[in-house]
Amino acid sequence: MIHTRALTRDFGTKSGTVQAVRGLDLDVGAGELVALLGPNGAGKSTTLRMLTTLLPPTSGGATVAGRDVVADPAGVRRRIGFVGQGHGAGFDQLARDELVTQGRCYGLGRAEARRRAEALLTELELDGAADRESVRLSGGQRRRLDIAMGLIHRPDLLFLDEPSTGLDPHSRANLWSHVLRMRAEHGTTVVLTTHYLDEADAVAERVVVIDHGRVIADGTPDELKGKVSGDLVSLTTATADAARAAAEAAGRLPGTTAVETDGTEVRLRVPRGDAVLPELLRALDAAGAPLTGVRVQRPTLDDVFLTLTGRSLREGAE
Amino acid sequence: MNTLRDTWIVYARQMRPTLRRPVVTALYSMLQPVLYLVLFAPLLTGMPGAMGEDPWQWFVPGMLAMLSLFTTAYAGFGLLPEVRSGAHERLLATPVSRSALLLGRVLRDITVMLVQALVIVAAMLPFGLRPSPVGVLAALVLLAVLGVGLGTLSYLFALVVKVEYLFAALLQAVTMPLILLSGVLLPMDLAPGWLYALSRANPVSHVVDAERALFAGDLTDPSVAVGTAVAVVLAVVALVLGTRTMRRLA
Ligand SMILES: Nc1ncnc2c1ncn2[C@@H]1O[C@H](COP(=O)(O)OP(=O)(O)OP(=O)(O)O)[C@@H](O)[C@H]1O
Ligand SMILES: [Mg+2]
């Protein structure tokens with residue numbers, strides 16, 4: 001569905017050239033749901049804007065929905081939907097009117113555009129806001145209107161640039177159930193960007209981590225987490241002495257790495273926390289280091305990013 | 001996609017907010033010409049030449065040209081908030097034809113301008129304006145053609161300049177000389193040679209001459225042909241440039 005070859009985009013600025021996207025190679029098959037994850041300025045929006053023909057690449061190329069973005073931009077536009085990072089409705093336009101216009105822009109007849117607009121307004125809980133100018137909508141309502149505009153023509157390929165930013169948890173859940181339903185019904189391919197790690201983890205089947213305009217990791221959330229050396233096990237003991245003994249005993253078990261002691265806390269990484277735990281507990285008992293608590297955590301996507309770049313995505317994004 | 005259908009879609013979108021508050025929109029750019037009509041035109045009575053004999057017949061066509069200039073040249077301001085918010089980008093990502101995105105907007109501005117022009121002509125009738133009816137119709141068509149050129153250029157500049165304060169400065173720098181060198185306030189025949197020569201380089205001055213001849217009913221006057229040709233050339237050049245810019249910036 002998407003195929004990019006060394007896709008590159010530079011921006012000339014006063015302080016020199018910004019290389020927003022550097023030789024990106026990405027292939028997305030039909031029906032995939034891919035999340036692009038990366039800190040601010042990683043090049044996510046620039047990538048989407050090139051794939052949606054809004055921005056010509058500096059070098060390299062891409063075919064999207066079977067059309068070349070440079071040679072046949074109109075062909076690409078007919079086959080995709082795009083929800084940008086900004087707000088798509090004109091400030092003095094009524095929400096419903098913009099939605100109908102959007103449908104008409106994709107070639108829908110007037111009656112069909114109206115019918116779909118009404119259905120989307122209801123599903124995205126915008127009924128009450130439909131007859132208001134878009135400046136008079138709340139941030140979340142405006143975002144939902146943007147999303148409705150991206151969905152009205154039921155594209156085969158949908159690009160969503162931070163669709164859930166500004167949405168409350170209820171609207172977020174509602175957004176994803178809608179997108180997933182559309183995907184189930186029409187086989188839509190979805191490429192989205194997000195800063196919400198939990199969201200990428202929960203919704204996307206494939207996560208592409210981007211940093212400084214390059215792909216630094218690509219896989220299912222579980223595969224990516226496999227790159228982090230194991231699960232995090234946190235042990236709590238009654239005293240600092242017990243903690244030291246526990247750390248020593250745990251360190252002797254095969255496979256444990258990154259053992260750290262912090263007061264009465266011991267943290268370590270093991271490949272499969274759930275499988276190692278019984279053995280670990282027996283070893284600690286034998287070493288006479290009684291525990292008051294144990295916790296096993298699967299790695300998060302943030303751990304993945306931290307492992308790959310030495311920086312935390314949370315710090316970068318928040 | 002069919003450009004005609006797309007243009008209609010964009011035109012209808014642009015007309016909607018206008019129709020929701022027609023009076024405010026109409027008054028928006030009408031103030032300047034109306035103030036000139038009320039507070040300046042009376043000065044002309046008693047002046048020598050055609051201007052003094054029938055001040056309305058002479059002055060009103062010039063004011064309509066001024067109206068066309070103000071309504072269309074400032075149109076780019078309407079696009080800037082949409083460029084900033086992402087609404088323009090959203091439309092660019094749709095299959096709508098690039099020229100329709102421009103034409104639909106320009107046609108909306110022309111519609112507003114023609115309504116304003118009709119209001120002004122109608123309002124001047126009780127004060128003794130007696131134009132040729134056919135002439136007025138032709139004059140409005142000519143104004144529309146001028147408006148297509150100026151309006152398109154305005155959107156083009158807005159897309160290039162992108163920020164309001166620069167755009168405002170640019171407009172001021174362009175529209176003031178266009179008005180002063182158009183002969184709408186006083187005849188340019190009174191000007192020293194160099195100033196007259198400058199005014200001949202101003203497309204608006206030719207359109208003003210043509211408007212005056214049309215109001216007087218001299219449809220075959222050479223100034224009509226010249227003014228029409230100038231307006232058509234301006235419109236075509238602007239549309240070619242505008243569509244190209246729209247494609248390139250997309
Ligand atoms: N029009 C532009 N002119 C100059 N530089 C730009 C332009 N657009 C983006 N950039 C730069 O390109 C880089 C990538 O920007 P981009 O918007 O793609 O990042 P992003 O991953 O979408 O970030 P965010 O999470 O903040 O949305 C940044 O350094 C940004 O400053
Ligand atoms: Mg972005």
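When you filter the trypsin sites (Lys or Arg not before Pro) in the range A:1-99 for DSSP loop state and at most 16 other Cβ atoms inside 10 Å of their Cβ, you are left with A:Lys14.
The B-A contact accounts for approximately 2400 Å² of buried accessible area, totalled over both chains at a 1.4 Å probe radius.
Of the trypsin sites (Lys or Arg not before Pro) found in the range A:164-272, those that fall in a DSSP loop while having at most 14 other beta-carbon atoms within 10 Å are A:Arg272. Considering only C-alpha atoms, what is the centroid distance from the range B:1-64 to the range A:132-178, in Å? Result: 41 Å between the Cα centres. Between 0 and 90 degrees, the angle of helix A:240-252 with respect to the longest Cα principal axis of chain A falls at about 80 degrees. Could you run the Debye sum over the Cα atoms of the range A:271-312, one equal point scatterer each and no solvent, and tell me log10 of I(q)/I(0) at q = 0.16, 0.25, 0.31, 0.35 Å⁻¹, two decimals? Evaluating at q = 0.16, 0.25, 0.31, 0.35 Å⁻¹ gives log10 I(q)/I(0) of -0.58, -0.84, -1.04, -1.16. Note that the range A:82-88 has calculated 3J(HN,Hα) couplings of 9, 10, x, 6, x, 9, x Hz, one per residue in order, obtained from phi through the Karplus relation 6.51 cos²θ - 1.76 cosθ + 1.60 (θ = phi - 60°); glycine and proline are x. If the label point is 7 Å along Cα→Cβ of A:Ala6, which residues in the range A:48-78 have backbone nitrogen under 11 Å from it? Inside the label zone: A:59-61. Phi-derived couplings, Karplus 6.51 cos²θ - 1.76 cosθ + 1.60 at θ = phi - 60°, listed residue by residue for the range A:290-307: x, 9, 10, x, 9, 9, 10, 10, 5, x, 9, 5, 5, 4, 4, 4, 4, 4 Hz, with x used for Gly and Pro.
Note on the range B:2-249: dipole from Cβ charges, positive end direction compared against B:Leu146, B:Pro126, B:Ala201; the farthest Cα belongs to B:Leu146. Taking amide H atoms as placed 1.01 Å from N in the peptide plane, the amide H of A:Ile210 lies under 5 Å from those of A:Leu37, A:Gly38, A:Ile216, each 5 or more residues away in sequence or on another chain.
With Cα atoms as the point set, the protein assembly as shown shows a radius of gyration and Dmax of 32.4, 118 Å. Rounded to the nearest Hz, the phi-derived 3J(HN,Hα) couplings of the range B:105-117 under the Karplus curve 6.51 cos²θ - 1.76 cosθ + 1.60 (θ = phi - 60°) are 5, 4, 5, 4, 5, 5, 4, 4, 5, 5, 4, 4, 4, where x marks glycine and proline. Computed from point charges on the beta carbon alone (+1 for Lys and Arg, -1 for Asp and Glu), the dipole magnitude for chain B about its Cα centre is near 1200 Debye. For the options A:Ala95, A:Ala113, A:Ala202, a Gaussian network treatment of chain A with springs between C-alpha atoms closer than 10 Å singles out A:Ala202 as fluctuating the most. Taking B:Arg108, B:Arg21, B:Arg130 in turn, the Gaussian network model of chain B (Cα-Cα springs below 10 Å) assigns the largest fluctuation to B:Arg21.
Among B:Gln116, B:Gln172, B:Gln14, the residue with the largest mean-square fluctuation in a Gaussian network model of chain B, with springs joining Cα atoms closer than 10 Å, is B:Gln172. Computed from point charges on the beta carbon alone (+1 for Lys and Arg, -1 for Asp and Glu), the dipole magnitude for the range B:206-250 about its Cα centre is near 520 Debye.
The H on the amide N of A:Leu158, modeled in the peptide plane, is under 5 Å from the matching H of A:Gly81, A:Thr189, A:Val190, A:Val191, each at least 5 residues off or on a different chain.
Under the convention that each Lys and Arg Cβ holds +1 and each Asp and Glu Cβ holds -1, the size of the dipole of the protein assembly as shown around its Cα centre is about 920 debye. In the full protein context, the protein assembly as shown carries 43 Å² of accessible surface per residue, based on a 1.4 Å probe and ignoring ligands, DNA and RNA. Surface composition of the range B:2-249: carbon plus sulfur atoms contribute 74% of the solvent-accessible area (1.4 Å probe, protein chains only, all chains present). Please give the helix B:76-85 orientation as an angle from the longest Cα principal axis of chain B, in degrees from 0 to 90, rounded to the nearest 10. Between helix and principal axis, roughly 20 degrees. Hey, if you put +1 on the Cβ of every Lys and Arg and -1 on every Asp and Glu Cβ in the protein assembly as shown, which of A:Leu36, B:Ala73, A:Val191 ends up farthest toward the positive end of that dipole? Farthest towards the positive pole: B:Ala73. Accessible surface for B:Phe157 stands near 80 Å², nearest 10, in the context of the full protein assembly shown (1.4 Å probe). The ellipsoid that matches the Cα gyration tensor of the range A:2-225 has semi-axes, each √(5λ) in whole angstrom, of 28, 19, 18, with the longest given first. In this entry, the range A:231-298 is assigned a mean projected area of 3.6 nm², taken as a quarter of its C-alpha convex hull surface.
The values are calculated or read from the model by the stated rules, or taken from the named source; none is laboratory data. Nothing here was measured: the structure is a model prediction, and the numbers come from that model. Cβ: placed from backbone, ideal geometry, glycine included. Neighbour counts: every protein chain shown. Note: accessible area is taken over every heavy atom of the protein model, side chains too, but ligands, DNA and RNA are not part of it. Shrake-Rupley method; radii C 1.70, N 1.55, O 1.52, S 1.80 Å.
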